[in-house]
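Reviewing the structure listed below.
The values are calculated or read from the model by the stated rules, or taken from the named source; none is laboratory data. Computed from a predicted structure; not experimentally measured. Glycine also receives a Cβ, built like all others from the backbone with ideal geometry; neighbour counts cover every protein chain displayed.
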Amino acid sequence: MKTRVHSLACLTTLALVLPSSAGLIYSNLQDISIPANFDGVYLNVETGAWNTNAMSPVAGWDINPFFGGSAIWNAPAFQPVRAGTTSTSAVLNLATGTTVDGSSVFSTATQAPGGQNVGGPAYGASETHMGAGAGQFVSGSEGYLGFQLNGTNYGWMRVVFTNNAGGALIKEWAYDDSGAAIAVGNITNTGSVVTANTTFGNYNVTSVITDALATPTSLVKTGAGTTNLNGANTYTGTTTVSTGRLNVNGSTAAASTVIVDAGTTLGGDGVINGNVTLNGILRAGQGGDTDRSLEIAGTLTANTGSSMMFNITSESAHDQLIVGSVDLSNTSLVIESLTDTSFNIVYGDVANFLTNGSSFYKLIDGTTTGMFANVTETMSPGELYNFGLTGTQYVTTWFDQRFWVAEGSTYLVAIPETSVTLLGSLSALLLLRRRR
């Protein structure tokens, strides 16, 4: 028995870039019209419910832009980022990437005695947010307002305001229900493409991404950081990892094929129900919260230059890929870390050493063909005899430990070190001589 505690320092550094604990609730594209009248539109950002009835506004409404958005009213639970702390200070138009958190400026006004929210945050209004100055909304152009929700959560809303004219819209919004800071515009939807951008920070999408307004929608992951998809997503367009890393910890729809570009990473512990084309790195099981396996229900096509990376802690705790089918010929195998503290390499005397207690790591569960492009060494005839194996059997070495790489449902099996193997071979020869 031996204790192995090894890692690939440069690769493990990448693997340990952990996502934040943020829980992003995303509205998907809504395009709710803001009427150019006094009623405007009343919106509840938590439920998505809205109406345009000033006499009976939607229950729990948060924001009420009217006159095409040239005037804004907000409920106490919804406080927009402002230029000042009064309840009538101008609502600011924030640049994408701006952080909304506890340091942002909100109204500090409280409800007067006799009001509906005595001692708590007051209702607010703004009629000075339109114009051409810094921090103002330009009529007919998209802008972003930030907000604090229920006093603890932070979010942003993409809008088009007008000077009391048509074409005003509430396009979409997102907020973090964990109380973490949020970057403005970190996920946006044009109607055909959702862009998950982590240039300004990592985040988890805990809500479901859907096809927008009955239009098939694709998702593109951009930015150097990590986006985690934790919901049971139903969008049917292509999922493309263009930059950085995407972890699927929830699920994607069967109709959504996944493309992993060169230099990018796909990970997670969820279920990808469609096919995957791998040009970059696959870190199955890594980046998830519940287990260490990633299931690809469809076909995985691993192209030249791609790689599959696994961490091994023990026989019962290691990364695993569950896949319908994959040809391994064009992809490389990388063991990022080997930290098994109960490492068994028992020599099997002229018997299949699978039955003799050797450490056994099933990395891929599914139909496989070919062998990893970087695994080219084969067992010698003597090793084949000693271990009860036949045909062409491949071996590889990681952290000074040699493994048999079995085809089919691919797994690694620890091979006894040379001295142990020689001793076993000598024992076998002595046994044969004694029998003679």
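Key figures for this structure:
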| read-out | value |
| --- | --- |
| Residue that is surrounded by fewer than 21 Cβ atoms within 10 Å (Cβ to Cβ), in a strand (DSSP E or B) and not basic (K, R), where the choices are A165, A132, A95, A125 | A125 |
| G131, sole failed condition from (1) in contact (Cβ under 8 Å) with a residue 40 or more places away in the chain; (2) within 21 Å of A83 (Cβ to Cβ) | (1) |
| Index of the failed condition, V271 passing every other in (1) crowded, with 23+ Cβ neighbours inside 10 Å; (2) at negative phi; (3) not polar (S, T, N, Q) | (1) |
| G146 vs. criteria part of a strand (DSSP E or B) and either within 21 Å of S207 (Cα to Cα) or assigned by TED's automatic domain parsing to the domain that holds A36 (or both) | yes |
| The stretch 251-265, subset crowded, with 23+ Cβ neighbours inside 10 Å and more than 21 Å from T304 (Cβ to Cβ), residue farthest from the chain's Cα centre (by Cα) | S256 |
| Close pairs from the stretch 33-46: first aromatic (F, W, Y), partner part of a loop (DSSP other than H, G, I, E, B), Cβ under 6 Å, at least 6 apart | Y42/P57; Y42/V58; Y42/W61 |
| From the options N303, N311, N273, residue that is modelled with pLDDT of 95 or more, farther than 20 Å from Y361 by Cα and over 17 Å from the mean Cα position of the chain (by Cα) | N303 |
| Neighbours by Cβ (under 7 Å, 6+ apart or cross-chain): first from the stretch 368-389, on the phi < 0 side of the Ramachandran plot; second of a type in the set (D, E, K, R) | T368/E407; T369/D327; M371/E407 |
| Where a residue in the stretch 166-181 is more than 10 Å from I25 (Cα to Cα) and without any contact (Cβ under 8 Å) to a residue 40 or more places away in the chain and its partner, wherever it lies, is of a type in the set (V, I, T) and assigned to a loop (DSSP other than H, G, I, E, B), with Cβ under 6 Å and at least six apart | G179/T152 |
| Members of the stretch 207-239 found to be within 21 Å of D176 (Cβ to Cβ), of a type in the set (V, I, T) and in contact with a Leu (Cβ under 6 Å, 6 or more places away or on another chain), listed by number | T227 |
| Among the candidates V91, V58, V81, V105, residue that is among the aliphatic types (A, V, I, L, M), under 27 Å from I187 (Cβ atoms) and in contact (Cβ under 8 Å) with a residue 60 or more places away in the chain | V81 |
| Condition check for G201: small (G, A, S) and under 20 Å from D327 (Cα atoms) | no |
| Residues (more than 13 Å from Y26 (Cα to Cα) and either in contact with a Ser or Thr (Cβ under 6 Å, 6 or more places away or on another chain) or assigned by TED's automatic domain parsing to the domain that holds V81 (or both)) located in the stretch 193-210 | V193, N197, T198, N202 |
| Test result for G133, farther than 25 Å from A183 by Cβ, not assigned by TED's automatic domain parsing to the domain that holds S207 and not β-branched (V, I, T) | no |
| Only listed residue being farther than 24 Å from N374 by Cα and surrounded by 23 or more Cβ atoms within 10 Å (Cβ to Cβ), chosen from T243, T217, T236, T206 | T217 |
